[in-house]
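Visitor: Structure incoming, see below.
The values are calculated or read from the model by the stated rules, or taken from the named source; none is laboratory data. Quantities reported herein were computed from a predicted structural model and do not represent experimental measurements. No Cβ is skipped: glycine too gets one built from the backbone with ideal geometry, and neighbour counts run over all protein chains shown.
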Ligand code: NAP
């Protein structure tokens, strides 16, 4: 049994914390909106007053937060995780925040505190079935020590030094965002050329986007995009990808274009919908010859 502080109990974090609790770990939790901790506390988790307080009670501190600003808010300052961490603490950053946010956290670590970045690929269903892909960055001995604990969540793979996990996650999400852009434009093209929806999906089933077309078909046909991975978070990821590419002096026009569709969808008020609602945005906007 390990004492774990779990910080950030949103859609992903609450489920991940629940699985670690089910695996008999000793959990202390903190969330900005305390109501989201209620169910975990009823199941046996302790509730901390502040992130620092949570960190003081744990060997491992896991953060699962929206974005780099949330990570800064929760880790820095007198009530932040770093204020409560000691030489026996390891931090495991599992949000999607990109390599610069991980580097900032690393630069602020008190002496002796360990840090791994371990963002996840997969959504709510994958957490619930323990089938997330987990990209771990950091020193090999630290990764070897802590990755077995992640088994209830999915399959961890050590991808390199600190920051490599965050980089791997951006690589993965660049494909999620890009494929939806391609699929949405293919559907818009089919509409524009007068193909029936049935014919369009039949054609797409024989192409490299077949699996995504099949997965997204019910939402496209019903127009209902219930949130699993919020479009506003995908917008954040699209921006992280293009910023990281610019920082590495890479020209990636496809990533920029796919990100522009996600931005247009958010600006059209779809931020709370699932990120696949970008398909509706593309099908709706493309016939008018503009992004929004
Ligand atoms: P979510 O449901 O929106 O939860 C976000 C969490 O961040 C909440 O606990 C929220 O606290 C907290 N937060 C936001 N701003 C904060 C701030 N300034 N200070 C303190 N806490 C703050 O998001 P999610 O879907 O769980 O995603 C969490 C992370 O995992 C994101 O980086 C996302 O990109 C990534 N991810 C998501 C999925 C998915 O399918 N959903 C899949 C893979 C990776 P409150 O409850 O108080 O708002």
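Visitor: May I ask you to say which residue of 85, 125, 140 is more than 22 Å from residue 14 (Cβ to Cβ), outside the structural domain of residue 239 (by TED's automatic domain parsing) and either surrounded by 15 or more Cβ atoms within 10 Å (Cβ to Cβ) or touching a residue at least 60 places away in the same chain (Cβ under 8 Å) (or both)? Can you show your working first?
Guide: Numbers: 125 fails: more than 22 Å from residue 14 (Cβ to Cβ); 140 fails: either surrounded by 15 or more Cβ atoms within 10 Å (Cβ to Cβ) or touching a residue at least 60 places away in the same chain (Cβ under 8 Å) (or both).
Being more than 22 Å from residue 14 (Cβ to Cβ), outside the structural domain of residue 239 (by TED's automatic domain parsing) and either surrounded by 15 or more Cβ atoms within 10 Å (Cβ to Cβ) or touching a residue at least 60 places away in the same chain (Cβ under 8 Å) (or both) holds for just one of 85, 125, 140, which is 85.
Visitor: If you don't mind, there's one more thing I want to ask. So residue 152 fits all but one of (1) surrounded by fewer than 19 Cβ atoms within 10 Å (Cβ to Cβ); (2) in a helix (DSSP H, G or I); (3) touching a residue at least 40 places away in the same chain (Cβ under 8 Å); what number is the exception?
Guide: Of everything listed in (1) surrounded by fewer than 19 Cβ atoms within 10 Å (Cβ to Cβ); (2) in a helix (DSSP H, G or I); (3) touching a residue at least 40 places away in the same chain (Cβ under 8 Å), residue 152 misses just condition (2).
Visitor: Tell me which residues, restricted to segment 94-106, are more than 10 Å from the ligand (Cβ to nearest atom) and under 19 Å from residue 50 (Cβ atoms).
Guide: The one that is more than 10 Å from the ligand (Cβ to nearest atom) and under 19 Å from residue 50 (Cβ atoms): 105.
Visitor: Going by the conditions given, is residue 21 part of a helix (DSSP H, G or I), in contact with a strand residue (DSSP E or B) (Cβ under 7 Å, 6 or more places away or on another chain), away from the ligand (no atom under 15 Å from the Cβ) and not assigned by TED's automatic domain parsing to the domain that holds residue 233? Show your work before the answer.
Guide: Working: part of a helix (DSSP H, G or I): yes; in contact with a strand residue (DSSP E or B) (Cβ under 7 Å, 6 or more places away or on another chain): yes; away from the ligand (no atom under 15 Å from the Cβ): yes; not assigned by TED's automatic domain parsing to the domain that holds residue 233: yes.
So residue 21 fits the description; yes.
Visitor: What's the number of the only condition in (1) in contact (Cβ under 8 Å) with a residue 60 or more places away in the chain; (2) more than 15 Å from the ligand (Cβ to nearest atom); (3) surrounded by fewer than 17 Cβ atoms within 10 Å (Cβ to Cβ) that residue 145 fails to meet?
Guide: Failing condition for residue 145: (1).
Visitor: May I ask you to verify whether residue 90 is in contact (Cβ under 8 Å) with a residue 24 or more places away in the chain, in contact with a helix residue (DSSP H, G or I) (Cβ under 8 Å, 6 or more places away or on another chain), under 29 Å from residue 158 (Cβ atoms) and away from the ligand (no atom under 14 Å from the Cβ)?
Guide: It is true that residue 90 is in contact (Cβ under 8 Å) with a residue 24 or more places away in the chain, in contact with a helix residue (DSSP H, G or I) (Cβ under 8 Å, 6 or more places away or on another chain), under 29 Å from residue 158 (Cβ atoms) and away from the ligand (no atom under 14 Å from the Cβ).
Visitor: Let me spell it out: the conditions are (1) closer than 22 Å to residue 268 by Cβ; (2) part of a helix (DSSP H, G or I), and residue 227 meets all of them except one. Which number is the exception?
Guide: The single condition residue 227 does not satisfy is (2).
Visitor: Return the total of residues in segment 178-222 being touching a helix residue (DSSP H, G or I) at 6+ places or on another chain (Cβ under 7 Å) and not in a helix (DSSP H, G or I).
Guide: Looking only at that region, the number is 2.
Visitor: Related question: Considering only residues that are assigned to a loop (DSSP other than H, G, I, E, B) and closer than 16 Å to residue 6 by Cβ, which ones fall in segment 103-129? Show your work before the answer.
Guide: In the first step, residues of segment 103-129 are kept if they are assigned to a loop (DSSP other than H, G, I, E, B); the result is 108-113, 118-119, 122-123, 129.
Of everything in segment 103-129, those that are assigned to a loop (DSSP other than H, G, I, E, B) and closer than 16 Å to residue 6 by Cβ turn out to be 118, 119.
Visitor: Name the one entry in 1, 16 that is modelled with pLDDT under 95 and either away from the ligand (no atom under 14 Å from the Cβ) or outside any strand (DSSP E or B) (or both).
Guide: Numbers: 16 fails: modelled with pLDDT under 95.
So the residue among 1, 16 that is modelled with pLDDT under 95 and either away from the ligand (no atom under 14 Å from the Cβ) or outside any strand (DSSP E or B) (or both) is 1.
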